[in-house]
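To keep things clear, I will list the structure first and then write my remarks on it.
The values are calculated or read from the model by the stated rules, or taken from the named source; none is laboratory data. Values in this document were obtained by computation on a predicted structure and should not be read as measured data. Note: ideal-geometry Cβ built from the backbone for every residue, glycine included; neighbour counts use all protein chains shown. Each accessible area value is taken on the protein alone, full model and side chains, heavy atoms only, with ligands, DNA and RNA left out. Shrake-Rupley method; radii C 1.70, N 1.55, O 1.52, S 1.80 Å.
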Amino acid sequence: MLRIERVLGSRLEPDFSEDLHRLEHRGTVDVVNVPVADLARRRLLITTRGGEELAIALPRNQKLFDGAVLLLDGDRAIVVRAATERWLRLAPRSLSDAIELGYHVGNLHWRVRFDGELLLVALEGRPEDYLARLEGLIASRRIGVSVIEEAEGDRALRTDEPQSHHHHHGH
């Protein structure tokens with residue numbers, strides 16, 4: 001198990017980006033997908049995509065973030081990738097529907113965010129489990145429902161925007 005005791009910096013920093021680019025072309029950059037809810041943790045046991053187990057123990061003044069470089073040497077690198085967070089987007093049809101929805105969601109202690117007249121519920125499990133708790137409101141068409149995905153730090157809601165990496169240069 002590899003012990004990580006500090007974040008070296010961001011993959012976007014000039015000091016790291018060139019080395020990471022070179023290692024990516026050699027296929028030696030490993031990624032660790034960290035759930036958004038775990039980014040604030042300083043202690044974490046987690047496995048990289050390549051199967052390496054990490055014991056992360058950061059000092060109080062550091063935290064994980066999308067693009068955090070955890071390891072970088074001449075042969076390989078490990079970089080944090082924030083897993084996308086899924087939200088249940090609930091649109092009440094009337095004020096009374098909004099009040100009842102708020103009552104149910106509050107009693108269930110779900111993590112929420114507001115977006116104008118919409119209520120966003122963080123999905124920390126299967127969407128079906130959340131929908132079952134709101135079945136009466138959904139079946140009677142008192143609330144509209146959809147699932148959206150959002151990358152860490154991205155407050156623009158998007159559901160199907162592809163992510164890609166393009167660059168052109170000679171080797």
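Placing unit charges on each Cβ (+1 for Lys and Arg, -1 for Asp and Glu) gives region 1-109 a dipole about its Cα centre, and among 106, 39, 28 the Cα reaching farthest toward its positive end belongs to 106. Out of (1) 1.30; (2) 1.08; (3) 1.49, which label holds the value of Cα Rg over 2.2 N^0.38 Å that was computed here? It is the one labelled (1). Calculated mean residue ellipticity at 222 nm for the chain: -6000 deg cm²/dmol, from DSSP H runs with n ≥ 4 weighted as -39500 (n - 2.57), summed, divided by the residue count and rounded to 500. With respect to the chain, whose longest principal axis is taken over its alpha-carbon atoms, helix 95-107 is tilted by about 60°.
Per-residue SASA remark: residue 25, around 100 Å² accessible (1.4 Å probe; ligands, DNA and RNA not included).
Shown for the chain: the carbon plus sulfur share of the solvent-accessible area, taken with all protein chains present and a 1.4 angstrom probe, equals 49%. Helix 14-25 and the long axis of the chain differ in direction by around 90°, with both axes built from C-alpha atoms. Across region 31-41, computed HN-Hα scalar couplings (Karplus, 6.51 cos²θ - 1.76 cosθ + 1.60, θ = phi - 60°) run 10, 10, 7, 10, x, 3, 5, 9, 4, 7, 6 Hz from first to last residue, x flagging Gly and Pro. Computed from backbone phi with θ = phi - 60° and the Karplus coefficients 6.51, -1.76 and 1.60, the 3J(HN,Hα) list for region 58-72 is 8, x, 4, 8, 10, 8, 6, 7, 4, x, 5, 8, 9, 8, 8 Hz; x is used for glycine and proline.
Taken as Cα centroids, region 60-91 and region 15-53 sit 7 Å apart, rounded to the nearest whole angstrom. What the chain shows is 64 Å² of accessible area per residue, with the surface traced by a 1.4 Å probe over protein heavy atoms.
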